[in-house]
Structure formats: structure tokens, C-alpha cells
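Chemist: Have a look at this one.
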Amino acid sequence: MATSLRNFQNEIKQIHHRELAKQRVHGAEQIQKEQKHSQVAGKAKEDSLTELASVGTEEPRGEAEAEEKILEILLSKVPVNHDIVRDMLAALLTRNHGEYVLRLGAQPSKAKLFAGESDDDVAEYWNGIEQSEDTLNFLHQEITSAVEEIGGKTSLLFEARGKHPRKSLLLRLPPPSVSLTPEVRCAVVGNVDSGKSTTLGVLTRGALDDGRGRARVSLFRHKHEIETGRTSSVGMEILGFAPSGAPILPETGSSNDPDVVRREKLGWEEISVQAAKIVSFIDLAGHEKYLKTTLYGLTSGAPSCVILIVGANAGLIGMSKEHLSIALALSVPVVVCITKIDMTPANVQAETIKQVVKILRSPGCRKIPVFVRSSEVAVEIATGFGKEKLCPIFQVSNVTGEGLGHLRTFLNLLPSSEGDTDKFAVDQPLEFSVTEVWSVPYVGTVVNGIVNGGSVKTGDPVMLGPDSNGNFQTTVVKSMQRKRAPVNTAEAGQCVSCALKRVRRNTVRKGMVMVSKSEILPKATRQFQGQVLILYHNTTLQKNYQAMLHCGAIRQTVRIIDMDNPQGVLRTGDRATVTFEFISHPEFIKEGMKLLFREGKTKGLGVITKLL
Ligand SMILES: Nc1nc2c(ncn2[C@@H]2O[C@H](COP(=O)(O)OP(=O)(O)OP(=O)(O)O)[C@@H](O)[C@H]2O)c(=O)[nH]1
């Protein structure tokens, strides 16, 4: 089963990439067509589509300039053949959307580092030049002033003295506007009472917990949540990092955590204005009763990583295994965070760690667990996160603050969602999926969601739909907000809310899309084919079977109307091409989209292969 799941996931990936490539070609053609059309019409005014094609190619922060300067300084201090050294140095500089991690001094091999070997044992070194502490300090100073010259900030992430001195620096160029601040989306899952809301409360508010739920109170949205201490909805929290690398925290209060820079009370808007990077958390419910909501949060929020919270005292129990399997099925990279290490006896904690490692290494997961016990490991694992099979494990206490510093360093360096060009393509016409709808007094209908492709500007005419008949209505984006700060543009990979002109609240539902207005009308689909793998079903699955389908922000009951399996039934582990039909209304879907369907314990994973 594990091997077939892996093969199937690889196939899904291939189909997804193939379809994305097709759509990109199609999107570029469409943009070209539109451009020609506007030229013929003699439209001299700035065309949003031309701009759309150029977004992402520009380097607004002077990134190339910064890189060149840093390399020049390093080269001038290293008395060896320049060409070889340049390549080596470039490899030590990890670039990620306006920020760099620079490693100075000889670096231990990652394998040794992740295995947690002590500095003296580290025999193997990769790309790096052995330098004295004085040279490192000198380079640190020179680079800091060079980065400051171009308006950036440098912060020390890690430093090792002694036999093999080395340093890791974070160089960050502040984003020119809020609309360009890189964002990382993390979904937080785990069993009831594992400490999800508490960990988020402590990370985003700064004040530590008292072990009786103090830190989580500000995160709850409903009265019953405060009364029961149980999350029931999808909550959103943000953590901003300043250009200096320090977390921006909104509340005053005492904290024994030395890593924290404390500011006066701050709202989301202020955080986004001050931040050079924003980590947004999707706080999901742990109770089985709310699994549908949790699944929705996982598929609709397009997270770049899933943080699985495990109570050290309880281990991976109940829904946490379910959450882990869903994250793996959706191929979202996983981070494990073991909480409550302050109150758990050593033997129980060791048991939990053993269990987590065993599950991560099992053929179903095939992850390589890495314990993050130093900032150096946190830096290394964050910069390449998502590309390898590594699964970082953090051990933290929300009461004493132990281990939270490493977790913050890791979050600070995670690659941003916008940088994931596999998932989000800028060079396509706009596609925005609606994940939430509100009616705001004096503003009107506001939709929140993710820009899956292309970009959008305020004032752009767009089409919103499909409604229950499969039709789209035309509207205009009146204004936009990103993390409650007003913005004028939003690009692929970002999560924004848009106020829409002349749209009634009751005509909009979650799962709808907003696409750019063009001559080609968007199409709503009622029936489609998908390649699926049945992950679990206790008997057999036949025609007319109904289940809840999750596909991006879409959540609707589907019925199986056909399958290519000769016996006409599907069992656990079976693969088939299945024809589905949406029960209540057509939806906007595309070939290559991943789908997940569920009914009770039954679970299936797949990819849309054909729209009928
Ligand atoms: N001692 C100690 N207690 C903790 C720690 N983390 C969380 N707690 C406590 O554990 C309890 C449960 O925490 P929650 O954050 O509500 O758990 P949850 O996972 O969000 O639960 P649901 O919202 O119901 O899914 C609270 O009383 C917290 O105070 C920790 O690191 N140490």
C-alpha cells in the first residue's frame, strides 16, 4: 500500500505538472491575444495584462546588486583563485525572495550536522573556507555596512567559536511595499489538547503560557471555544519578522524569553507594515467532530507547510495520525513540534519521541526525522525546506519557553509561498479562489482567498462564479487588503481579501473563483474524471457512492457515476479512473488539480484528469 501510494503520488505530481505547463502555454497565448487586441483597438493606457506578464521578472529590492556586493566583499578577503572561490561563495549564499542566508567559515557536512554530532567529531566539511574568528568578525562588519548601504539589515543567526569558527548571517532587504512582503503559510494540526492554540498564542503574542490555557484565550473566536477550551473553527494568526530578523510581537507583558523584541500593542495592519516577512498560521481544530473544517483549512489555505503539534505526554494519538496522513497525501511538507516538555517525565517523553520517529520513518511516510537542537540545524533545515525528505522535530515548552527560539529561527527562514512557482504561476491570467465571504458595513461584500495564478489590481474588472446555474457575474475589485493592510496589487501565491462592487453577499459562496474578464468565458463543470487511489474503505465502494470532495477551496458532496474497474467495485488500495458528479451545483475546476474525498473513515486521493 505504501509503495503504491508513493507511486501514485509521483504520478499525480507528473499529471499536475503536465497540466500546469499546458495551462501556462495557454495563459501566455491568452495574454498575447489580449495584448494584440488592445493594440489594435489603439488603447494607449497601461494594460493590466502587460504588467501581469512582467510581474515577477523585475527585481524591486535591488537583489542582484546586493548579491554582487556581498560576493565582492567576500572575494576581496579570500586570497585564492577567484573563479573557484566565487562559485563556492555563491553556494554559501542562499537567496530567497529578498533575503539571504550567508554562511561564513567552513561548514560541517549536513549529514553530520543533522545527526547531531559534536563540533569536534565533525570531520567532513562542505563548501567553505576555514577562516579565523577575527576574519569572520571583520567580514561580518563589512557585509553589515554594505547591506545597510542598500537599505537592508543583517542579523546573526548562529555563531560557533573554537576550533572551527563559523557564522550564519541573515541579510534582509525590506520589501518596497506591503504588497510585496513575502508570506509563508503554515497549517497547524494535531490532536485535541496537544497545545496547538497555545503554541500559536505564545509564538504570535510573545507572553508565555501558564499551563492552564492562558496563552490560547486571545485566539478563540467563539464564546463556546473560550468555555470549552476547544478550537472549532479555522483561525488565522500572523507572526511578522522585522528586517532585523526579530519577531514583531503585538502585546506588552513580561516574557522570560530573551529572543523577543517587545513592541507596544500592534494590530495586524501595523505588523504587516513593519514586517519584512510574514508567517501566517492557519489554526485548525483537533477534535474529530471538526475534521471537515480542518480538512477544508488544509486544502483551501494552500499551506507551504503543516506543523503537526504533538503533546509530549500523550504522543501521536487520535486525530493527529489522521492529520499526518492527510498532509502526506496532499504532499505538503511536515514539521513536528513536540510540546509540554516541561511537565512530561523523561521516560514518557522518550517514548513519544520513539513513536514519532518510528511513524515518520515508516514506509507510509518515508521521512528522515531531524531533531532541531541548535540554531545551526534550524538554519540549515529551513533554507532547503520542502525540497528534501527531511522532517524537522522541535521540542518546546510553552510554559518555560524552551526550544521556542529554534522554532522562531526556522519560521523566520522558511521559503515564502510566492516563491513556489510550481504551485503558483504569475505568468497566467488571474485565478483567485474564494475561501471566506463577509458582508462588511459600508463596504459591501468582501471575499478572502488565494491568488492561485496571475495577479490582480484594484479597479480590475473580474468575473465571479460559478453560481448554481454555472454562470459568472461581472464585478470590479473596489479595494484590497493583505493581512488587513490596504494594497493595490496582489500576485500569485498571496492571500488577500477583495471588496467587490455590486455583489450581494448571498450570491457568493466559498469555493467560487474570480477570474480576469476576457472574451473566453470561464466554464463551470458538473461531471469530471479523476484518477483515484482508495486509501481506506472498510468494504467495497460502488457506483452511486457519495462522499465529501475537497479540491482546493471547493468542498461539495460528489457521487460516483462511473468507474473503469472491471468488477465495478473499489477496495482499499485500488486505483481506478472514476467519473464524479457534483451533487448540488457545478464548480470551477481544472485538470491537474488534486482532490481528496472522504466519508466517515473512507478516504481517497486523486487528481482531476478530464472535465466532462
Ligand atoms: N505545561 C504545559 N502546558 C501546555 C503546553 N502547551 C500547552 N499546554 C496546555 O495544554 C492545554 C491544551 O492546549 P490547547 O492549546 O488548548 O490545545 P489545542 O491543541 O489547541 O486543543 P484544541 O483547540 O481543542 O484542538 C492548555 O491548558 C495549555 O495551557 C506546554 O508546553 N507546557
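Chemist: Within the range 459-486, track down each residue that is in a strand (DSSP E or B) and open to solvent by less than 10 Å² (accessible area, probe 1.4 Å).
Modeler: Just the residues of the range 459-486 that are in a strand (DSSP E or B), to begin with: 461-465, 473-482, 485-486.
Of everything in the range 459-486, those that are in a strand (DSSP E or B) and open to solvent by less than 10 Å² (accessible area, probe 1.4 Å) turn out to be Val462, Leu464, Gly465, Thr475, Val477, Met480, Arg482, Ala485.
Chemist: Same structure, new question: Does Ala350 qualify as being crowded, with 22+ Cβ neighbours inside 10 Å, aliphatic (A, V, I, L, M) and more than 16 Å from the ligand (Cβ to nearest atom)? Spell out how you get there, then give the answer.
Modeler: Numbers: crowded, with 22+ Cβ neighbours inside 10 Å: no; aliphatic (A, V, I, L, M): yes; more than 16 Å from the ligand (Cβ to nearest atom): yes.
Judged against the criteria, Ala350 is not a match.
Chemist: Can you tell me which condition Gln349 does not meet? The list is (1) under 21 Å from Thr199 (Cα atoms); (2) without any contact (Cβ under 8 Å) to a residue 60 or more places away in the chain; (3) not in a helix (DSSP H, G or I), and all the others hold.
Modeler: Unmet for Gln349, out of (1) under 21 Å from Thr199 (Cα atoms); (2) without any contact (Cβ under 8 Å) to a residue 60 or more places away in the chain; (3) not in a helix (DSSP H, G or I): (3).
Chemist: Name every residue in the range 439-455 that is part of a loop (DSSP other than H, G, I, E, B) and touching a strand residue (DSSP E or B) at 6+ places or on another chain (Cβ under 9 Å), in order of residue number. It would help to see each step written out before you state the result.
Modeler: Within the range 439-455, the subset part of a loop (DSSP other than H, G, I, E, B) is 441-443, 454.
Result: Val443, Gly454.
Chemist: Restricting attention to the range 496-509, which residues are open to solvent by 10 Å² or more (accessible area, probe 1.4 Å) and in contact with a Lys or Arg (Cβ under 9 Å, 6 or more places away or on another chain)?
Modeler: Ser497, Lys501 - these are the residues of the range 496-509 that are open to solvent by 10 Å² or more (accessible area, probe 1.4 Å) and in contact with a Lys or Arg (Cβ under 9 Å, 6 or more places away or on another chain).
Chemist: Quick check on the range 335-344. Is at least one of its residues within 15 Å of the ligand (Cβ to nearest atom) and either surrounded by fewer than 18 Cβ atoms within 10 Å (Cβ to Cβ) or without any contact (Cβ under 8 Å) to a residue 24 or more places away in the chain (or both)?
Modeler: Our first condition is that a residue be within 15 Å of the ligand (Cβ to nearest atom); within the range 335-344, this holds for 336-344.
Filter once more, so that each one left must be either surrounded by fewer than 18 Cβ atoms within 10 Å (Cβ to Cβ) or without any contact (Cβ under 8 Å) to a residue 24 or more places away in the chain (or both): 342-343.
Yes, some residue in the range 335-344 is within 15 Å of the ligand (Cβ to nearest atom) and either surrounded by fewer than 18 Cβ atoms within 10 Å (Cβ to Cβ) or without any contact (Cβ under 8 Å) to a residue 24 or more places away in the chain (or both).
Chemist: Okay, next question. So is Thr489 under 28 Å from the mean Cα position of the chain (by Cα) and either surrounded by 16 or more Cβ atoms within 10 Å (Cβ to Cβ) or under 30 Å from Leu570 (Cβ atoms) (or both) or not?
Modeler: On the way: under 28 Å from the mean Cα position of the chain (by Cα): yes; either surrounded by 16 or more Cβ atoms within 10 Å (Cβ to Cβ) or under 30 Å from Leu570 (Cβ atoms) (or both): yes.
Answer is yes for this residue.
Chemist: Could you run through the range 404-438 and say how many residues are among the aliphatic types (A, V, I, L, M), in a loop (DSSP other than H, G, I, E, B) and closer than 20 Å to Lys22 by Cα? Talk me through it step by step, then tell me what you get.
Modeler: Residues of the range 404-438 that are among the aliphatic types (A, V, I, L, M), as a first pass: 404, 407, 411, 413-414, 425-426, 430, 434, 437.
After this cut, where a residue has to be in a loop (DSSP other than H, G, I, E, B) as well, the list is 414, 426, 430.
Now restrict to residues that are closer than 20 Å to Lys22 by Cα: 426, 430.
Count: 2.
Chemist: Just to be sure I understand, how many residues within the range 381-400 are modelled with pLDDT under 90 and open to solvent by 10 Å² or more (accessible area, probe 1.4 Å)? Step through it out loud before you land on a result.
Modeler: Start the filter on the range 381-400 by keeping residues that are modelled with pLDDT under 90, which leaves 381-390.
The next check asks that each one be open to solvent by 10 Å² or more (accessible area, probe 1.4 Å); those that pass are 383-390.
Of the residues in the range 381-400, 8 are modelled with pLDDT under 90 and open to solvent by 10 Å² or more (accessible area, probe 1.4 Å).
Chemist: From Gly152, Gly206, Gly190, Gly195, grab the single residue that is of a type outside the set (A, V, I, L, M), over 24 Å from the mean Cα position of the chain (by Cα) and open to solvent by less than 20 Å² (accessible area, probe 1.4 Å).
Modeler: Gly152
Chemist: Go through the range 517-552 and report how many residues are open to solvent by 30 Å² or more (accessible area, probe 1.4 Å) and part of a strand (DSSP E or B).
Modeler: 7
Chemist: Within the range 556-612, which strands (runs of 3 or more DSSP E) (wholly inside it) include 3 or more residues that are in contact with a strand residue (DSSP E or B) (Cβ under 7 Å, 6 or more places away or on another chain) and surrounded by fewer than 15 Cβ atoms within 10 Å (Cβ to Cβ)?
Modeler: Numbers: elements: 575-582, 594-599, 602-611.
Hits in the range 556-612: none.
Chemist: Restricting the first residue to the range 177-200 and requiring it to be more than 15 Å from the ligand (Cβ to nearest atom), which pairs with a second residue that is among the polar types (S, T, N, Q) and in a helix (DSSP H, G or I) meet a Cβ separation below 7 Å and a spacing of at least six or different chains?
Modeler: The qualifying pairs are Val178/Ser272; Thr181/Ser272; Glu183/Ser417; Val184/Ser417; Arg185/Ser417.
The values are calculated or read from the model by the stated rules, or taken from the named source; none is laboratory data. Predicted model, so just to flag it, every value in this text is computed and none were measured. As a convention, Cβ positions derive from the backbone with ideal geometry for all residues, glycine included, and neighbour counts pool all protein chains shown. In case anyone asks, the SASA skips ligands and DNA or RNA and just uses the protein heavy atoms, side chains included. Shrake-Rupley method; radii C 1.70, N 1.55, O 1.52, S 1.80 Å.
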